Amino acid sequence: MNFKNYCFKKSLWLFHFGGASCNNCDIEILDCLTPRYDVERFGMLLVGSIRHADVLLVNGSINKRDKSRLLEIYRQAPKPILVVAIGACGCTGGIFAEGNTFAGPVDKIIPVDAYIPGCPPKPEAIIAGIVKLLDKIH
Amino acid sequence: MIRDFLHYLIFPGFIFISLSGALLSGFDRKITAWLQFRKGPPLLQPFYDFFKLLLVKETILPAKGSVLTFLAAPVFAVTGAALSGILILLQAFNYKSGFSGDILVIFYVLAMPSLAYIIGALAAGNPLASVGASREMKLILSYELTFILIIAAIILKAGITLRISDIIQIQAQQGSFIGSISGVLLFVASIFCMQAKLGLVPFDMAEAETEINHGAFIEYSGSAYALVKLAKYMMLFILPSFICTILLGGMRIDGIHILWTILKILGIVLLFTLIRNTNPRVRIGQAMRFFFIWMNLLVIIAIVLIFFGL
């Protein structure tokens, strides 16, 4: 593993995109940043601007209105960017998969690097997913 | 000649300032984490952040802005920070004796990073960046008056001398300026000034993450943002060392004095961190009132006390 990838691995900055979410996954993502789970141990920070982000966290079902916004956010992100689909809705569509406003799970719209299933996933599950994501960088 | 270059580039110069600034930034993040009962990032985290931004990430240029100005602004910020750092440290470490009026030059050069952030933000062509730039401008207007009053008070206390090396000499002979009542008042005012200059929490309205998404820096990415970060790290080392030089009796690096120097710098950064973790963000109007009325009043009281020899 070279120096560039090592630095990238040690400092992933997160940007949170919530689709038509029920807010449960949002709260679990924020839980990871609280003192109990503290993902800043791994150098992860929640940033407010997509220009600074290295990881795009997408949760909630993506409906037709969200789709264009998600694509816009993905285009604005500086590459390389990693995309993580969080929750049943983000991974597969969950209970909204049959809905007529549903625009497809996240991986139909943008390439996804890691999936974290659960409704909502526990913070432990999110951290486990993030560790698997870190192993993907070589 | 080569010795001078080494001074400017390596030891008290650019490389040394960047390294110690990044370490201080890591210290600041670690202390913040401890205050919030977290474990926190490793001490070398600022290095990882910097090299990730510099080497790995793509730099995105604004489509509807001035690209050249946008990219030149972070370079100017780093240049200003390095220049002021060299001017302060060469004399604080007793390598050069400086020239008459250098304390005023340092005052002007220290304003360069903030001005560069404003220019870069206005060149980005983003409405939130403009809001951030306007707030930064108002913040500069409010704290610079207090800062120049502090410098005037220091000059007065040192017996009308405009040289930093003379100020250090006088403190070495008569004891540090902080040992008097006026010195304590000046120290309090300068801590708040530096807090605003660094953009730390009570005065971080220019890059408020939660309301205007990093404000002035919203459009920066990749290596341009790495330079912004570098300028911020450097300022985190330069401003405490400036306070050390003008109020706490200078920084000596011979023998056991190096320990005292490190403790002084760490103590001031610890103070910044404690203030930033125990205060909410104030509105820009509140910040202006705070500096224009209260801090200026404090410094003027200090100047009056200096006239009475206290």
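Just so you know, all these numbers are worked out from the coordinates, no wet-lab data involved. Values in this document were obtained by computation on a predicted structure and should not be read as measured data. Positions of Cβ are generated from backbone atoms using ideal geometry, with glycine treated the same way; all protein chains shown enter the neighbour counts.
Just a few scattered comments:
- The range A:13-136: Lys pairs at Cα distance under 23 angstrom, eight or more positions apart or on different chains: 10
- Cα-based radius of gyration of the range A:13-136 once divided by 2.2 N^0.38 Å, which approximates compact folds: 0.98
- Annotation for the range A:61-138: GluC sites (Glu not before Pro) lying in DSSP loop with at most 10 further Cβ atoms inside 10 Å of their Cβ are A:98.
- Placing unit charges on the Cβ atoms only, positive for Lys and Arg and negative for Asp and Glu, gives the range A:15-138 a dipole magnitude near 380 debye about its Cα centre.
- Greater than 30 Å apart at Cα, pairs in B:52/B:138; B:52/B:197; B:57/B:197; B:57/B:264: B:52/B:138; B:57/B:264
- Here is the list for the range A:4-64: trypsin sites (Lys or Arg not before Pro) lying in DSSP coil, each with at most 14 other C-beta atoms within 10 angstrom of its C-beta, are A:36.
- Around residue A:66: net Lys/Arg minus Asp/Glu count, Cβ-Cβ under 13 Å: +4
- Computed over chain A with a Gaussian network model linking Cα atoms closer than 10 Å, the most mobile of A:99, A:19, A:118 is A:99.
- Partners of residue B:39 within straight-line reach, counting aspartates and glutamates whose Cα lies under 14 Å from its Cα and excluding those fewer than 8 residues away in the same chain: A:38, A:40, B:28.
- Each Lys and Arg Cβ is given +1 and each Asp and Glu Cβ -1; about its Cα centre, chain B then shows a dipole of about 400 debye.
- A cut-off under 12 angstrom between Cβ atoms defines the neighbours of residue A:48, and their net charge, with Lys, Arg +1 and Asp, Glu -1, is -2.
- GNM result for chain B, Cα springs below 10 Å: residue of B:49, B:102, B:28 fluctuating most strongly: B:49
- Within a Gaussian network of chain B (alpha carbon springs, distance under 10 Å), most fluctuating of B:209, B:144, B:136: B:209
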